[in-house]
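Novice: Before anything else, here's the structure in question.
The values are calculated or read from the model by the stated rules, or taken from the named source; none is laboratory data. As the structure is a prediction and not an experimental result, all values here were calculated from the model. Here the Cβ positions follow ideal geometry from the backbone for every residue, glycine too, while neighbour counts run over all protein chains shown. Heads up: the accessible areas ignore ligands, DNA and RNA and are worked out on the full protein's heavy atoms, side chains in. Shrake-Rupley method; radii C 1.70, N 1.55, O 1.52, S 1.80 Å.
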Amino acid sequence: MTFGQERFPLWGGVATVMVEDLDRLSVARRAVDHVIADIDAACGAFRGDSDLARVNAGSGRPVPVGATFHAVLWTALHAAELTGGLVDPVVGAPRGDSRSVVIDEPPGTVTAPAGTTLDLWPMGTAFAADRAAESAAGQAGCGVFVSLPGAIAVAGPVPAAGWSAQVPYGHGGGSYGAPRHGEDIVLRAPGGLATSSLVSPVHTTDDGRAVRHPLDPRSAVRAHRPWRTVSVIGLGCVAAKTASIAALVSGHDAAAWLSSRELRARMVHADGRVATVGCWPAEPCPATAPDGDGRLAPACHSADPS
């Protein structure tokens, strides 16, 4: 079999689809494109007709939304619950007050409280990567690597040499056609890799306007800002994205937060220094041994330079 790869511009950055068998690349790419279009229509940050845009314009009124929007919203709310509000899709409400969002199924409506805004784009890109990789692997019948701006997912059989991935120094992977800068690593198991950053991505609209995505660095991040970028390897891209955002918001406690959850991460300090947590990016960590309940305990953890 011959390895296949295709790169294309997406959401102000670069997307990549890789497959083990070149003959199956077109099938995988169609599956990925379908998921991308579905996610963009549900919670695209750069279009005014998405479900997300309509919910945010609802000003406290129930708005009909599709199944994909519901799935991404439930995923984001679950992330908020798991992290104690560190990852919160509700902007403008007190931390941990994501319960103020009203979801009615049926009839399939969502109500965001007046004076607040839902920000589902970070979680939406991770959700898209996971779903795209799984869909492409299922339809193509081979191992698939999908990289979207800030979100990577691997599904299906992994090649013996693993999948080559690049962890960006800043947000996403730069614009299409621009030189790629970052750390090259190898992913040797299905799962996800997500990067979160305090640097807002820039998207060029169809009419040529440059639009910067309105990230919501919480007050804790604004106050400390020790980390410019956090990348995390997880069992899925959604899990990795949840951890990377939570680490950014945790500020100086980011390394401890990640280490306590036995995660592998790479963090770029505001001054450019790099710190890693766990056996980044080894898979599996050769220096670990099962602890009392059978889990692998992290054996290496670099010092926090903050």
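Novice: When the range 102-132 is examined, which residues are found to be open to solvent by less than 20 Å² (accessible area, probe 1.4 Å), touching a Pro at 6+ places or on another chain (Cβ under 9 Å) and among the aliphatic types (A, V, I, L, M)?
Specialist: Within the range 102-132, 110, 118, 120, 123 qualify.
Novice: Quick check: anything in the range 18-27 charged (D, E, K, R), surrounded by 15 or more Cβ atoms within 10 Å (Cβ to Cβ) and outside any loop (DSSP other than H, G, I, E, B)?
Specialist: Looking for residues that are charged (D, E, K, R), surrounded by 15 or more Cβ atoms within 10 Å (Cβ to Cβ) and outside any loop (DSSP other than H, G, I, E, B), one finds at least one in the range 18-27, hence yes.
Novice: Restricting attention to the range 25-72, report how many residues are in contact with a Gly (Cβ under 6 Å, 6 or more places away or on another chain) and β-branched (Val, Ile, Thr).
Specialist: Within the range 25-72, residues that are in contact with a Gly (Cβ under 6 Å, 6 or more places away or on another chain) and β-branched (Val, Ile, Thr) number 2.
Novice: Quick one: which strands (runs of 3 or more DSSP E) sit completely within the range 133-208 and have at least 3 residues that are at pLDDT 95 or above and in contact with a Pro (Cβ under 9 Å, 6 or more places away or on another chain)?
Specialist: 151-155
Novice: Of the residues that sit in the range 35-65 and are touching a residue at least 12 places away in the same chain (Cβ under 8 Å) and loosely packed, with under 15 Cβ neighbours inside 10 Å, which one is nearest to residue 124 (Cα to Cα)?
Specialist: It comes out as 64.
Novice: If you scan the range 70-92, which residues turn out to be of a type in the set (Gly, Ala, Ser) and touching a residue at least 60 places away in the same chain (Cβ under 8 Å)?
Specialist: The one that is of a type in the set (Gly, Ala, Ser) and touching a residue at least 60 places away in the same chain (Cβ under 8 Å): 79.
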